[in-house]
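> Questions regarding the structure given below will be posed in turn.
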Amino acid sequence: MINMTVKKPGAEVASIKKKQATSLWLLSLRRFLKHRMAVAGTVLMILIILFVIGGAFFLTEDYSNKISLVEKFKPPSAAHPFGTDGVGRDILARAIWGGQISLLIGVISVTISIAVGTVVGLVSGFFGGWIDSLLMRFTEALLSIPALVLLLLFSRSLVGITATINVLGREFSSSTIFIVLIIGLLNWMRLARIVRSLVLTLKEQEFVTAATTLGARQGRIVFQHVLPNCIAPIIVTATLGIGNAIITEAYLSFLGFGVLPPTATWGNILTGAQSQLDEVPWVWMFPGLLIILTVLAINFIGDGLRDALDPRSTK
Amino acid sequence: MLGNGKRLLSMSLVLVFMLGLLVSAAHAQDETVLVFGWEQEPDQLGDGSTSTFSQLLGDFFSRKAYGWNSKYEALSDMMAEIPSVGNGMVTTNADGNTVVTHKLKEGLKWSDGEPITADDCLFGHKLFTDTSTGTIFRSDYPSVVASMEKVDDLTIVQTFNKAYPDFLGSDNITVMPQCRYPAHVLQPLMDANGGTVDGLPFFTSGEGYVGYGPYVLESWTKGDNITFVVNSNWVGQAPAFTKVVAKFILESAQMQNALETGEIDVAFNWQNDMLAGYQAIGEAEVFNTAGVYADALWFNIDETGNNHPALRDVLVRKAIIQAIDRASITTAIAGDGVPVPGAFDSSVWWPDGLEVLGYDVAAANALLDESGWVDSNGDGTRDKDGMELILKFFTTPRQSRIDYQLAIQAALQEVGIYTQIFQVPGPAVLFASITNRGIMAASDYDLAIYASSNDPISPNVDPNSFGCVGLPSPENPSGSNFSHYCDPAFDELTPLIAAEVDPDKRHELKHQSVQLMNDAQFWAGLYARVTWYAVRTDRVNTEGLKDGLGTLASNWFQSIEFWTPAG
Amino acid sequence: MGKYILRRLLAAIPLLIIIAVFIFFGLKISGADPLAYLANDPRIRPSDRILLTARLGLNDPVPLQFVHWLIGDDWYERDVTGDGVKDEFGTRMGLLRGDFGESIRYRQPVIEIIAQFMPNTLLLGLTAYIATVLISMAVGIFAALRQYSVADNVITGVSFITFSMPIFFIALLSVQIFSVQFKAWHDAGASWLPYLPVQGMYDVRGDRSLDELIRHMILPVFCLSAINIAGYSRYIRATMLEVISSDYVRTARSKGLAERRITYLHALKNASLPIVTLIGLDAPFVLAGAVVTETIFSWPGMGRLFIQSLEPIDPPIVMVFVLMIAVAVVLTQILIDIIYAWLDPRIHYT
């Protein structure tokens, strides 16, 4: 099996001394800054983060959940710059608070999938043998089923489990946690394979062989020598994964398996207007635009990072 | 890729070939087609299906022995007379059991031209009493119909095993003779299939379907449409539309788009929130009919379960109902003029002066104070003996219900009741049995919004849903008394109502029963679910159309043969 | 080679077993009751439901249910009437004996149901997939040859935007514009304006011609391709850039070969390996259909069948559906390896 997304950093990277490593990061940064779209994406992302965090200082979460039946489906106005939804909630406030959740879903689920993917890849690649076979068969098994099919199967089973979750004084629909877990736990496979093949390449190189001969403990080798070399693909996968998770949440909402009220997400605000596209365009336009802009920004950043962190990229 | 390419190529060739065939065949322009948008594909045909959308199709091609019009009067396309005590067709035998004579109309034919006879009804009787004939939803038939005898080719006599006033059955009860299946076709098929109807293509794909209705099944393209053409052997009103198609469209916004562009002629059963969209379509006439379903707020009044103890106090339940402005919420969410039902049962069974609680916040606050729930710690939520009044409030993920849930949550907050809201899938989680961790069966909820249907034809009470015997428990996993309403006085009335043959006395008993249930205040109606229709006036003549539509759970198209094209 | 293929096929067996066990027990553990849809229906008597539960073998111990699914239950007598006396043998033959099971809701053999939906999915999915690959090859190569030109930036920008949209958003919006709005303008006097159908494979009143089918396919194919072209063309662009900058192309160029020939002959030949890999990873998933697109466009395909088999859950359909795709993945992988050997003579399998 040849994995084409893997770039072999090669021996030259591994043998660079620490000082040179620092300049390598600087070099990457410089390359990133030359990537115009990546810079634009970063600026856009900062603006979006400012919007969802800064906005929260002006509009409270209670306000975002406050219903007012007399103000049902009001078009944008001074009082409600983004208009109101089917039960008269302010869409601007919901877009702000829902944006936090959408971004959190992206970040946390990616953290989970990075953690699982990295550990599985490292363990599998480093130890080899039956552990490798078992983990890789399982990884392949999960990869052999379309992602959306797996997501639907699992979210269908989990939505029934109900619990109230109170995190840092905020109340969440328990479905939020399940969606995060499901997206996180079903997206680590490709990364695991990338990390594994990196480890396999690195294992053969002199410095690891040398460290082993010198009697270094296996755990130490993994953390000191192998892991740092996997950081580039991990960062790129993570960035793109966030965008993917945000879109996935919107898909699940559309199919009726997403995050449930009162917790707002861009996905469920968007699908709240699904049956009335032409009558109430403001309900879907703003959250839709936010999703697109966010994912776009993330993809630009990811693309820039890929170019910047890939030592073989020439330009 | 090569294999795929070949497959595509051969597929294209087949298509081109089909095109050639179709172009050469002259277009039948005298055909008048009526296209329904059908939001759910039937799983199968016949009584092995529970899908409403399968039952609705039955009126096109497989009529039942009896039906009911919108005034709830019995009618029949198959029987010569409606049996009643008055015309002597309903009698009581020496054992006190009800005996009913049914007379088939003369000259009825199956869609294959064979005559319909009493033998077909006997065949249906066997299907419905012998469980080895396969998986059919038999309702009460096997438990109350003792026997059926053939008197002559067109007459049968059905004997019940007790005094049974609902001898024609009702919306929820099937006991009427089952003469809708052709014995001469099905019996040989069953014999070849190990004696059962399970998996017979006759039902699963409609292959070789023979029935009795104004239309006959022409084709069923799974996932796409089911098509019917006029049944030339039908003796009733000759349909004006020569072809009826049910086009399966699952997505509600697409249903509206399809009607707007004229890809379908009729869209029905859409939700209230689509009203503005359908009204905006110039060519469509939009109207609704009454229905038997109502969405309501249900209370869990279990004396011992995991529910909040406050709900065991009827004063608290009254307070909750009075704290909610149901009329205004319904106007805002469900639309103008949608009625708020007053009691679980159809209004035909209400006693005079049945008290329906209205909106009164002051009264709600007073009742809560009276019952001892006051906000003693000033946190905004009422409490009593150190316990906060926090209720677990469930519904299913349907937009209008979620909207109601949010509105009710806000209203209860005003009187110091805090609710945690949950949306869970109905059948799989909320209504699931206790062995499948069903939330309501496990008594793990306080309030819930869901729909139920009432029965305007029969006053019978299902003890499994409203009696002490229906309390769900590990020993009684099929119990569906999810409100845990258990009143011995009410339970005493239930069998009396079921057996009372005198209509006036029966009404009197039912009134008492309705009153008891109303007094318990564990049910608050939110909105009566009307059935919405949008019909394209350039395709269908909508004059008088509405009057012919059935208003029970699944008889909406029982007069489909009277529909006429526009112009 | 034959030996190699056989070995790969044998190695796939544990994989398929893992998947089957995973999904089967996953469905059971989640407490999914296939008969849950009968709950809360006043027309259904508990007795009917109890009988059906017993007949379907849902009361058997769960591991035994898996065994029944695998090798059948015609040897197993169970009590269906609830009187404690065993009275009926099962009728299933099991997967290993060629019985793929019967759908609980449709009471029809799963294989028959899939046979009805699969051709439609192949038609839509393969068309969209071929369109995706061809267009993204063209776009990717073009963009690579003109790296950082205005055209490259525009292509990149547009592909990123479509890539960032949820497909249902694209689908509903495009229907609103190209079907509903165009039809309204068409009827309002702009009779030259063509419009597209909202849903379905054919017009109900139509003639089921090829032309009609194509019109119905435009929007779904557009939606399916739109989100994929972005990813593919970026990938092809990157691969091409890598190949162009590599030594042998430089060598070829220095030898004086014309620019165009270098690109198409050398670069493409060498870039085809990663492209084939990508196709190998994604192509089998065409069989799964497109859940969202098929639902929106009422396309009678596998994705729609799958989503309808989830609520209420229909385990026999879900099992066969998932395994079928897994088998397709395995077979495609083997096929890809064979294509590798053909594309790159240095690779040998033993």
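The values are calculated or read from the model by the stated rules, or taken from the named source; none is laboratory data. Everything numeric in this text was worked out from a predicted model, so none of it was measured. No Cβ is skipped: glycine too gets one built from the backbone with ideal geometry, and neighbour counts run over all protein chains shown. These accessible areas exclude ligands, DNA and RNA; they are computed on the full protein's heavy atoms, side chains included. Shrake-Rupley method; radii C 1.70, N 1.55, O 1.52, S 1.80 Å.
> Which numbered condition in (1) buried (at least 20 other Cβ atoms within 10 Å of the Cβ); (2) over 36 Å from the mean Cα position of the chain (by Cα) is the only one that C:I104 fails?
(2)
> Further, regarding this structure: From the list C:M324, C:M240, which residue is modelled with pLDDT of 75 or more and open to solvent by less than 20 Å² (accessible area, probe 1.4 Å)? Step through it out loud before you land on a result.
On the way: C:M324 fails: open to solvent by less than 20 Å² (accessible area, probe 1.4 Å).
Testing whether each residue is modelled with pLDDT of 75 or more and open to solvent by less than 20 Å² (accessible area, probe 1.4 Å) leaves just C:M240.
Each row is one residue, and each column tells you yes or no for (1) at pLDDT 85 or above; (2) open to solvent by 20 Å² or more (accessible area, probe 1.4 Å).
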site: C:P315; (1), (2): yes, yes
site: C:T332; (1), (2): yes, yes
site: C:I336; (1), (2): no, no
site: C:H348; (1), (2): no, yes
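> Checking B:F268 against (1) more than 14 Å from every other protein chain (Cβ to nearest Cβ); (2) in contact with a helix residue (DSSP H, G or I) (Cβ under 6 Å, 6 or more places away or on another chain): exactly one of these is not met. Which one?
Condition (2) is where B:F268 drops out.
> Another question about this same structure. So C:M165 ticks every box in (1) in a helix (DSSP H, G or I); (2) surrounded by 22 or more Cβ atoms within 10 Å (Cβ to Cβ) but one. Which box is left unticked?
The failed condition is (1).
> Hey, does the stretch C:77-92 have a residue that's of a type in the set (F, W, Y) and closer than 30 Å to B:S51 by Cα?
Of the stretch C:77-92, the ones of a type in the set (F, W, Y) are C:89.
Those left that are additionally closer than 30 Å to B:S51 by Cα: C:89.
Checked against the condition, which is being of a type in the set (F, W, Y) and closer than 30 Å to B:S51 by Cα, the stretch C:77-92 yields at least one hit.
> Return yes when B:V244 is assigned to a loop (DSSP other than H, G, I, E, B), within 11 Å of chain C (Cβ to nearest Cβ), out of contact with any Asp or Glu (no Cβ under 7 Å at 6 or more places or on another chain) and at pLDDT 90 or above and no when it is not. Steps first, answer last, please.
Values: assigned to a loop (DSSP other than H, G, I, E, B): no; within 11 Å of chain C (Cβ to nearest Cβ): yes; out of contact with any Asp or Glu (no Cβ under 7 Å at 6 or more places or on another chain): yes; at pLDDT 90 or above: yes.
The answer is no for B:V244.
> Considering only the stretch B:203-223, state which residues are within 14 Å of chain C (Cβ to nearest Cβ) and under 24 Å from the mean Cα position of the chain (by Cα). Break it down into steps so the answer makes sense when it comes.
As a first pass, look at the stretch B:203-223 and keep what is within 14 Å of chain C (Cβ to nearest Cβ): B:203-207, B:218-223.
Within the stretch B:203-223, B:F203, B:T204, B:S205, B:G206, B:W220, B:K222, B:G223 qualify.
> Listed residues C:L64, C:L96; which is under 29 Å from the mean Cα position of the chain (by Cα) and either surrounded by fewer than 17 Cβ atoms within 10 Å (Cβ to Cβ) or polar (S, T, N, Q) (or both)?
Numbers: C:L64 fails: under 29 Å from the mean Cα position of the chain (by Cα).
Only one candidate qualifies: C:L96.
> Sticking with this one: Quick one: which strands (runs of 3 or more DSSP E) sit completely within the stretch B:134-226 and have at least 3 residues that are in the same structural domain as B:S84 (by TED's automatic domain parsing) and not aliphatic (A, V, I, L, M)? Lay out the reasoning, then the answer.
Values: elements: B:145-152, B:155-160, B:215-221.
Filter on the stretch B:134-226 gives B:145-152, B:155-160.
> Residues in the stretch C:5-27: is at least one open to solvent by less than 20 Å² (accessible area, probe 1.4 Å) and away from chain A (no Cβ under 14 Å)?
No, the stretch C:5-27 has no match at all.
> For the list (1) more than 30 Å from C:A144 (Cβ to Cβ); (2) open to solvent by 20 Å² or more (accessible area, probe 1.4 Å); (3) part of a helix (DSSP H, G or I), I need the number of the one condition that C:L213 fails.
(2)
> Do you know which of the residues in the stretch A:158-190 that are out of contact with any strand residue (DSSP E or B) (no Cβ under 9 Å at 6 or more places or on another chain) and modelled with pLDDT under 80 is least open to solvent (accessible area, probe 1.4 Å)?
To start, the set of residues in the stretch A:158-190 that are out of contact with any strand residue (DSSP E or B) (no Cβ under 9 Å at 6 or more places or on another chain) comprises A:158, A:160-161, A:163, A:167-170, A:178-190.
If we keep only those that are modelled with pLDDT under 80 too, we end up with A:158, A:160-161, A:163, A:167-170.
Details: A:L158: 46, A:G160: 16, A:I161: 77, A:A163: 48, A:V167: 62, A:L168: 170, A:G169: 70, A:R170: 39 Å².
It comes out as A:G160.
> Which members of the stretch C:191-238 meet the condition of being in contact (Cβ under 8 Å) with a residue 60 or more places away in the chain and hydroxyl-bearing (S, T, Y)?
Once the filter is applied, which keeps residues that are in contact (Cβ under 8 Å) with a residue 60 or more places away in the chain and hydroxyl-bearing (S, T, Y), the stretch C:191-238 yields C:S225, C:Y232, C:S233, C:Y235.
> Take B:I324 and tell me if it is away from chain A (no Cβ under 14 Å), in contact (Cβ under 8 Å) with a residue 40 or more places away in the chain, buried (at least 18 other Cβ atoms within 10 Å of the Cβ) and over 30 Å from B:M78 (Cα atoms). Talk me through it step by step, then tell me what you get.
On the way: away from chain A (no Cβ under 14 Å): no; in contact (Cβ under 8 Å) with a residue 40 or more places away in the chain: yes; buried (at least 18 other Cβ atoms within 10 Å of the Cβ): yes; over 30 Å from B:M78 (Cα atoms): yes.
Here the answer is no, as B:I324 does not meet what is asked.
> So, one more: If I filter the stretch B:543-567 down to residues being among the small types (G, A, S) and within 19 Å of the chain's Cα centre (by Cα), which single residue comes out as surrounded by the fewest Cβ atoms within 10 Å (Cβ to Cβ)? Walk me through it before giving the result.
If we filter the stretch B:543-567 for residues that are among the small types (G, A, S), which is where we start, we get B:544, B:548, B:550, B:553-554, B:559, B:566-567.
Then keep just the ones that are within 19 Å of the chain's Cα centre (by Cα); that gives B:548, B:550, B:553-554, B:559.
Values: B:G548: 17, B:G550: 22, B:A553: 20, B:S554: 20, B:S559: 21.
Here the answer is B:G548.
> For the stretch B:86-107, give me each residue that is free of Cβ contacts under 8 Å to residues at least 40 places away in the same chain and either part of a loop (DSSP other than H, G, I, E, B) or not assigned by TED's automatic domain parsing to the domain that holds B:A118 (or both).
Filtering the stretch B:86-107 for residues free of Cβ contacts under 8 Å to residues at least 40 places away in the same chain gives B:86-89, B:91, B:94-95.
If the condition is that a residue be free of Cβ contacts under 8 Å to residues at least 40 places away in the same chain and either part of a loop (DSSP other than H, G, I, E, B) or not assigned by TED's automatic domain parsing to the domain that holds B:A118 (or both), then B:G86, B:N87, B:G88, B:M89, B:A94, B:D95 are the ones that fit.
> Let me confirm something: among C:L124, C:L145, which residue is in the same structural domain as C:P300 (by TED's automatic domain parsing) and at pLDDT below 85?
Details: C:L124 fails: at pLDDT below 85.
After ruling out the rest, the residue left standing is C:L145.
> Every residue in the stretch C:123-143 that is touching a residue at least 60 places away in the same chain (Cβ under 8 Å), under 26 Å from C:I244 (Cβ atoms) and more than 10 Å from every other protein chain (Cβ to nearest Cβ), please.
Selection gives C:A131, C:T132, C:I135, C:S136, C:M137, C:V139, C:G140, C:I141, C:A143.
> Under 9 Å by Cβ, and 6 or more places apart or on different chains, what pairs join a residue from the stretch B:368-393 that is modelled with pLDDT under 95 with one that is among the polar types (S, T, N, Q) and part of a helix (DSSP H, G or I)?
Qualifying pairs under 9 Å: B:G380/B:Q413; B:T381/B:Q413; B:F393/B:Q405; B:F393/B:Q409.
> Restrict the check to the stretch C:175-188 and report whether at least one residue is more than 22 Å from C:V292 (Cα to Cα) and assigned to a loop (DSSP other than H, G, I, E, B).
Yes: the stretch C:175-188 contains one or more residues that are more than 22 Å from C:V292 (Cα to Cα) and assigned to a loop (DSSP other than H, G, I, E, B).
> What number of residues within the stretch B:424-451 are within 12 Å of chain A (Cβ to nearest Cβ) and open to solvent by 10 Å² or more (accessible area, probe 1.4 Å)?
The qualifying residues number 10.
> Does C:R55 fit the bill of being away from chain A (no Cβ under 11 Å) and either open to solvent by 60 Å² or more (accessible area, probe 1.4 Å) or of a type in the set (F, W, Y) (or both)?
Working: away from chain A (no Cβ under 11 Å): yes; either open to solvent by 60 Å² or more (accessible area, probe 1.4 Å) or of a type in the set (F, W, Y) (or both): no.
So C:R55 fails the test.
> Of B:A296, B:A310, B:A258, which residue is modelled with pLDDT of 90 or more and within 14 Å of chain A (Cβ to nearest Cβ)?
Values: B:A296 fails: within 14 Å of chain A (Cβ to nearest Cβ); B:A310 fails: within 14 Å of chain A (Cβ to nearest Cβ).
Testing whether each residue is modelled with pLDDT of 90 or more and within 14 Å of chain A (Cβ to nearest Cβ) leaves just B:A258.
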